[in-house]
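Here you go, one structure.
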Amino acid sequence: MEYLRVSEAQRIVLESVALLNAELAGLEQSLGRVLAEDIRANRDLPPYDVSAMDGYAVRSADLVQVPVTLEVIEDIKAGDMPGKIVQPGQCARIMTGAPVPQGADAVMRVEDTQEISANLIQVITTIKDGHDVRPQGENMRNGDVVLSTGTEITPGVIGILATVKITQMQVYRRPRVAILSTGNELEAINAPVDMNKIPDSNTYALMAQVQALGITPALLGIARDDPLELEHYLKLGLEYDVLLVSGGTSVGVHDYVRPTVEKLGVAMKFWRVAMKPGHPLAFGVLHAAGEEARQSDAFVFGLPGNPVSSMVCFEEFVAPALRRMMGHPRLFRRTVSARLAHPLKMRPGRTEFVRVQLTQDDTGYVASSTGTQSSGVLLSMARADGLLVMSADSTGLAAGAQVTVQLMDGTAYQHEMNIRE
Ligand code: AMP
Ligand code: MG
């Protein structure tokens, strides 16, 4: 089998996974989820023209020639309804958010008036019709779709949902994700330290990557490089929507993951991607029989055992797939343009993801390598703000070169991957 390009492998993954069903979520538990229904406004907001300032509701026609003295006929606080109509030569004292009384068409700020007596003010500036009035329906109009299907629920969206009194809404279900580590050399986190073993970090780094997407994964533990033990664990894992297996996906004689998942009915879609770190990466689908087929398909990612490779493959393939299943319209990490702080060498042939730190100067972002880029050195990942993407045909970059960096922190995502591989 050929080595697939990153974008090709990604296309296969994203075409295989399907949007999951919707379920009901309470407002207080909905942050980070994606709306599976349109939300409409249940009234005009504001419900009538209201004042944007503390001041006086006036008739702009009275103020064509200033200064002018106006009679204050009432006091309208937020929550009050006006009792009187403002006639020529009159005004009403009004607070921010209170309804503008009939007759008045603008609000004059307190600062632009002078109090002459308890019920007389002098106005020194002219004003236009509508000034400092927030018109009825400025925020939303009754019946309008204010949030549409596919909207990611951010704090601002929560505010809108509360505004239209939605306490529960349809959101896309989250995939159930299982994580399995494989390898005889691995030492569980709670096992005593054995100098001949390798601590299992992949289980937890992957756990955190999954959690960062709002999903709580099941940790299946460590399977030995033994076909029967592996089969037992993989069977368990295939009960989930998505199974992440790290290690054992290569072509070594003890790399049993691929043959074993195939034995369990998984159709392998690919197992070689032209990227560094990342190779070998395998992806397969266990098709469910029956009606709801696509909803109950299980997806297996065979991630490389090297800790950095496993995390990078998660970023490039697993995260976009999980986000698609949850209904997110934007699947890819936001990219920024940066200047390279130092030269970077590269052997062409594979798209390279270089762990970098970002700083800023007055030209914008500056990217510098986090140190050794060996795929076994997890500190290069722990220190990284992002992944600098070097295209497969590049032989290297000079200091000062303009580069593309995928941001790994934060929750900002974009529609397209926007990299040159
Ligand atoms: P493999 O893909 O199984 O050949 O593993 C490649 C390298 O990754 C080996 O050096 C493994 O020891 C290491 N490795 C595999 N799984 C893990 C894990 N869960 N945590 C940390 N290192 C691992
Ligand atoms: Mg192994």
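List every residue pair whose Cβ atoms sit under 8 Å apart, with the two residues 6 or more apart in sequence or on different chains, where the first one lies in segment 319-346 and is farther than 15 Å from V403 by Cβ and the second, anywhere, is among the acidic types (D, E) and open to solvent by less than 20 Å² (accessible area, probe 1.4 Å).
What qualifies is M325/D241.
When you go through (1) over 19 Å from the mean Cα position of the chain (by Cα); (2) away from ligand 2 (no atom under 16 Å from the Cβ); (3) not in a helix (DSSP H, G or I) one by one for A162, which number turns out not to apply?
(3)
Scan segment 269-295 residue by residue and report those that are of a type in the set (A, V, I, L, M, F, W, C) and either closer than 22 Å to R176 by Cα or assigned to a strand (DSSP E or B) (or both). Let's see the steps before the verdict.
To start, the set of residues in segment 269-295 that are of a type in the set (A, V, I, L, M, F, W, C) comprises 270-271, 273-275, 281-283, 285-286, 288-289, 293.
F270, V273, M275, L281, A282, F283, V285, L286, A288, A289, A293, listed by residue number.
Please work out which one of (1) open to solvent by less than 50 Å² (accessible area, probe 1.4 Å); (2) free of Cβ contacts under 8 Å to residues at least 12 places away in the same chain is the condition Q114 fails and give its number.
(1)
Identify the single condition in (1) without any contact (Cβ under 8 Å) to a residue 60 or more places away in the chain; (2) surrounded by 19 or more Cβ atoms within 10 Å (Cβ to Cβ) that T372 does not satisfy, given that it satisfies every other one.
For T372, the failing item is (2).
Those residues that are among the β-branched types (V, I, T) and open to solvent by less than 20 Å² (accessible area, probe 1.4 Å), I need them from segment 102-111; list them, please.
V107
Does segment 209-236 hold any residues that are within 12 Å of ligand 1 (Cβ to nearest atom) and either under 19 Å from L281 (Cβ atoms) or charged (D, E, K, R) (or both), and which are they?
Restricting attention to segment 209-236, the residues satisfying the condition of being within 12 Å of ligand 1 (Cβ to nearest atom) are 219-225, 230.
Correct list: A223, R224, D225, L230.
I'm trying to understand the selection: among the residues of segment 260-277, which are touching a residue at least 60 places away in the same chain (Cβ under 8 Å) and within 16 Å of ligand 2 (Cβ to nearest atom)? Working first, answer last.
Let us first name the residues in segment 260-277 that are touching a residue at least 60 places away in the same chain (Cβ under 8 Å), namely 269-277.
Passing the criteria: W271, P277.
If the requirement is being more than 11 Å from ligand 1 (Cβ to nearest atom) and either aliphatic (A, V, I, L, M) or within 24 Å of Y204 (Cβ to Cβ) (or both), which of these qualifies: K269, K276?
Sole residue among the options that is more than 11 Å from ligand 1 (Cβ to nearest atom) and either aliphatic (A, V, I, L, M) or within 24 Å of Y204 (Cβ to Cβ) (or both): K276.
Also, quick follow-up: Which of the residues that make up segment 237-256 are within 16 Å of ligand 2 (Cβ to nearest atom) and under 11 Å from F283 (Cα atoms)?
Across segment 237-256, the qualifying residues are L244, V245, T249.
Six or more apart or on different chains, Cβ under 6 Å: which pairs go from a residue in segment 74-91 that's under 14 Å from V107 (Cβ atoms) and in the same structural domain as D54 (by TED's automatic domain parsing) to one that's surrounded by 13 or more Cβ atoms within 10 Å (Cβ to Cβ) and of a type in the set (F, W, Y)? Could you list them?
What qualifies is C91/Y56.
Restricting to segment 204-231, and then to whatever is open to solvent by 40 Å² or more (accessible area, probe 1.4 Å) and more than 16 Å from ligand 2 (Cβ to nearest atom), can you tell me which residue is farthest from R330 (Cα to Cα)?
L228
Of all residues in segment 296-337 being part of a helix (DSSP H, G or I), open to solvent by 10 Å² or more (accessible area, probe 1.4 Å) and over 21 Å from E239 (Cα atoms), which is farthest from ligand 1 (Cβ to nearest atom)?
Among those that are part of a helix (DSSP H, G or I), open to solvent by 10 Å² or more (accessible area, probe 1.4 Å) and over 21 Å from E239 (Cα atoms), it is E315.
Also, I was wondering about something else. Could you tell me whether M408 is open to solvent by less than 20 Å² (accessible area, probe 1.4 Å), touching a residue at least 24 places away in the same chain (Cβ under 8 Å) and at negative phi? Steps first, please.
Values: open to solvent by less than 20 Å² (accessible area, probe 1.4 Å): no; touching a residue at least 24 places away in the same chain (Cβ under 8 Å): yes; at negative phi: yes.
So M408 does not fit the description; no.
Right, another one. Between a residue in segment 208-231 that is part of a helix (DSSP H, G or I) and any residue that is open to solvent by 60 Å² or more (accessible area, probe 1.4 Å) and within 13 Å of ligand 1 (Cβ to nearest atom), which pairs come within a Cβ distance under 9 Å, given they are 6 or more apart or on different chains?
Correct list of pairs: L230/R224.
Let me spell it out: the conditions are (1) within 19 Å of V312 (Cβ to Cβ); (2) out of contact with any helix residue (DSSP H, G or I) (no Cβ under 6 Å at 6 or more places or on another chain), and T370 meets all of them except one. Which number is the exception?
In the conditions (1) within 19 Å of V312 (Cβ to Cβ); (2) out of contact with any helix residue (DSSP H, G or I) (no Cβ under 6 Å at 6 or more places or on another chain), T370 misses (2) alone.
Given (1) among the β-branched types (V, I, T); (2) open to solvent by 20 Å² or more (accessible area, probe 1.4 Å); (3) within 16 Å of ligand 2 (Cβ to nearest atom), where does V377 come up short, assuming only one miss?
Result: V377 passes all but (3).
Do you know which residues across segment 232-263 are surrounded by fewer than 17 Cβ atoms within 10 Å (Cβ to Cβ) and assigned to a helix (DSSP H, G or I)?
Matches in segment 232-263: H232, K235, L236, P259, E262, K263.
The values are calculated or read from the model by the stated rules, or taken from the named source; none is laboratory data. Worth saying up front: this structure is predicted, and the values here are computed from it rather than measured. All Cβ positions, even for glycine, are placed from backbone atoms using ideal geometry, and neighbour counts span all protein chains on display. Surface areas here come from the heavy atoms of the whole protein model, side chains and all, with no ligands, DNA or RNA. Shrake-Rupley method; radii C 1.70, N 1.55, O 1.52, S 1.80 Å.
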